[in-house]
Number of protein chains: 2
Amino acid sequence: MLVTNNIDEIRQARWADPTASWGLVPTMGALHAGHLSLAERAVSENDKACATIFVNPTQFAPTDDLDKYPRTLQHDLDTFESAGIDLVFTPTPDIMYPAGFGTRVLVDGITDKLEGEYRPGHFDGVTQVVTKLFNIVQPTRAYFGQKDAQQTVVLKKMVRDLNFNLDLIVCPTVREADGLAMSSRNRYLTMTQRANAPVLHAALQRAADMIVEEGVRNAEKVRQAIRKMINQTPEAKLIYASVASGVTLDELEKIHGEILISLAVRLGETRLIDNLMLKDVE
Amino acid sequence: MLVTNNIDEIRQARWADPTASWGLVPTMGALHAGHLSLAERAVSENDKACATIFVNPTQFAPTDDLDKYPRTLQHDLDTFESAGIDLVFTPTPDIMYPAGFGTRVLVDGITDKLEGEYRPGHFDGVTQVVTKLFNIVQPTRAYFGQKDAQQTVVLKKMVRDLNFNLDLIVCPTVREADGLAMSSRNRYLTMTQRANAPVLHAALQRAADMIVEEGVRNAEKVRQAIRKMINQTPEAKLIYASVASGVTLDELEKIHGEILISLAVRLGETRLIDNLMLKDVE
């Protein structure tokens, strides 16, 4: 496994055999079983696979947790090696954003909702860095987790609008046994918070049951049910509960079609998100 | 020569032999000898060459000449065929900007000066469409004319900032015998305007002489000399005369380093631009 922060070396490795298909797994490191599942799928579906580890400053707001975002480089490299990754790109901010840098990639309309409303500029940083990673690695397929649902919707739109020549593949959220979605931020939770954290998934499950089992089509009723479950949980503070179109991310009145149910919750100091997609609700 | 408006067909042709190098010549059609020189160079320097013909609406302001921009498709295809071009992409606006489209690529800082000041949004349209063409064709080298000097500075910055894996090659401006830069808009000139149009190049030459031969280093003096020559010309209206850094495009007080001397002039209804680059002025 070649590990390098050098863009030319990445290109040399990537184009050594131009007929090889390549998978790309962009990460910010601090790997968990969710990342591992992306890496394993990239390895299995392509001739070669490249992972990237870069805590991208442009997708963090000044009030976000950039400085304390966990860095576990050796563990991450071991994980990628064990998954069969061929190439790991580990740039520094200076390499990605050298002096004089100033180009942005903006996906309009869907980036200022949900996460984008509470993390202004977040998705502009994501589309910027992912464009660069796509151009550096030029993968055949790129792998992202369903956990960051809005990110996958935004990036799919970017790929389509800008004609990136790759397939963007969304992989299922990997969960702990009690339903908590894997996240690099879970390690910040106290034991009590960790015990309460599965309420995010439980609230999503309750919402899905209301829609699928009980036939509820009033979106506000579903949002209310989510709010109630979160607000009854010690230390939990709801940031948003959303029942939206999976395409436009607009909040729905009446539930119909492809639905994204999502929420963000603060547990103590730690911000957690989770979501659930329902296809073809009639 | 394959001519198609189908992106999948372009990709199929481009990747039929993944080891082949490809040149790209993006144009808006209405070809003249300047475009031909780009096409010939792309053919000579690459295994294969692709040209594109697309009058891109997003780089025209509402007050610009989008509707009356010349369309000469059959002549353009003949020209590309004679130059040895392998592949021509001729999309419609619907193919490039389908319903729901909404992603922008913005180069900050240098796009709101010179042409950008007088054509707001122009370079945002250029970077948007060129990003798409780069991603559709994935060329080894892309060819642009020095005539659109600011465009080349903006696109070079975009290529560097976003890590496009290609060489952007700037080719010399091709001129008529009397010095007038080739332009698709020259055909709009009346006979009298055409007779007066070489004043743009003459003013640039005078400016270069002042700097190189006479040692003038006061940029405002040079701008004044350009203004004077244009304003003495019948039907000519100066839009701007610039003596700027070739890197930042900032107007200079003292002439030093890489210099872009440029101007925009309205001759009757027709807007013409021209420029001249001086390297390493001491």
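Pairs of Lys residues in chain A are counted when their Cα atoms are under 23 angstrom apart and they lie 8 or more places apart or on different chains; the count is 28.
Ellipsoid semi-axes for chain B, based on the Cα gyration tensor and the rule √(5λ), read 33, 21, 18 Å when sorted largest first.
Shortest first, A:Glu45 label-point distances to identical copies amount to 3.7 nm, with the label point at 7 Å from Cα along Cα→Cβ. Cα convex hull, the range B:184-281: 88 Å³ per residue, rounded to a whole number. Sorted shortest first, the separations between the B:Lys237 label point and its copies elsewhere in the assembly read 5.9 nm; each point sits 7 Å from Cα along the Cα-to-Cβ line. The local environment of B:Ala20, defined by Cβ-Cβ distances under 11 Å, has a net charge of -1 under the rule Lys, Arg +1 and Asp, Glu -1. For the residues B:Thr190, B:Thr19, B:Thr111, a GNM of chain B with alpha-carbon springs under 10 Å puts the largest fluctuation on B:Thr19. Chain A's nearest residue to the axis relating it to B, judged by Cβ and reported with the distance in whole Å, is A:Pro18, 2.
For the pair the range A:232-282 and the range B:238-254, the centres of their Cα atoms are 52 angstrom apart. The residues packed around B:Thr233, meaning those with a beta-carbon under 12 Å from its beta-carbon, carry a net charge of +3 if Lys and Arg are +1 and Asp and Glu are -1.
Over all pairs of different C-alpha atoms in the range A:15-73, the reciprocal of the mean inverse distance, the Kirkwood hydrodynamic radius, equals 13.1 Å. Distance between the 7 Å Cα→Cβ label points at B:Thr4 and B:Asp94: 1.9 nm. According to the Kirkwood relation over distinct C-alpha pairs, the hydrodynamic radius of the range A:153-209 is 13.9 Å. Seen from B:Ile53, the other residues with C-beta closer than 11 Å to its C-beta sum to a net charge of 0, counting Lys and Arg as +1 and Asp and Glu as -1.
Per-residue 3J(HN,Hα) values for the range B:174-187, derived from phi via the Karplus relation 6.51 cos²θ - 1.76 cosθ + 1.60 with θ = phi - 60°, read 8, 10, 5, 4, 8, x, 4, 5, 4, 7, 4, 8, 4, 5 Hz in sequence order (x marks Gly and Pro). Averaged over peptide A:101-111, the number of partner chain Cβ atoms lying within 10 Å of each residue's Cβ comes to 6. Projecting the Cα atoms of A:Thr19, B:Cys171, B:Ala61 onto the dipole axis of the protein assembly as shown, where Lys and Arg carry +1 and Asp and Glu carry -1 at the beta carbon, places B:Ala61 farthest toward the positive end.
The Cα center of the range A:9-47 and the Cα center of the range A:138-169 differ in position by 14 Å. Dividing the convex hull volume of the alpha carbon atoms of the protein assembly as shown by its residue count gives 169 Å³ per residue. In the elastic network of chain A, a GNM with C-alpha springs shorter than 10 Å, the most mobile of A:Asp65, A:Asp76, A:Asp94 is A:Asp94. With neighbour counts taken as other beta-carbon atoms within 10 Å, the residues B:Lys132, A:Lys254 rank, fewest first, as A:Lys254, B:Lys132. Each copy carries a label point for A:Val3 at 7 Å from Cα along the beta-carbon vector; from one copy to the others these points are 5.5 nm apart, nearest first. Every helix of 4 or more DSSP H residues in chain B counts as -39500 (n - 2.57), and over all residues that averages to -11000 deg cm²/dmol at 222 nm. Applying both filters, DSSP loop and at most 12 other Cβ atoms within 10 Å, to the GluC sites (Glu not before Pro) of the range B:200-237 gives B:Glu213, B:Glu214. Less than 5 angstrom separates the built amide H of A:Leu24 from those of A:Cys50, A:Arg141, A:Ala142, A:Tyr143, all sequence-distant by 5 or more or on a different chain. Rounded to the nearest whole Hz, the Karplus-based 3J(HN,Hα) values (6.51 cos²θ - 1.76 cosθ + 1.60, θ = phi - 60°) of the range A:31-37 follow the sequence 5, 10, 4, x, 4, 4, 5, with x at glycine and proline. For B:Thr173, the residues whose amide H sits under 5 Å from its own are B:Gln146, B:Lys147, ignoring neighbours fewer than 5 places away on the same chain, with H placed 1.01 Å from N.
Couplings for the range B:235-247, taken from phi via the Karplus curve 6.51 cos²θ - 1.76 cosθ + 1.60 with θ = phi - 60°, read 6, 8, 10, 6, 8, 8, 10, 10, 10, 10, 5, x, 9 Hz in order; Gly and Pro are left as x.
Here, each number is a calculation from the coordinates, and none is a lab measurement. Please read all numbers here as calculations on a predicted model, not as lab measurements. When we count neighbours, we look across all protein chains shown, and the Cβ atoms used for this are built from the backbone with ideal geometry, even at glycine.
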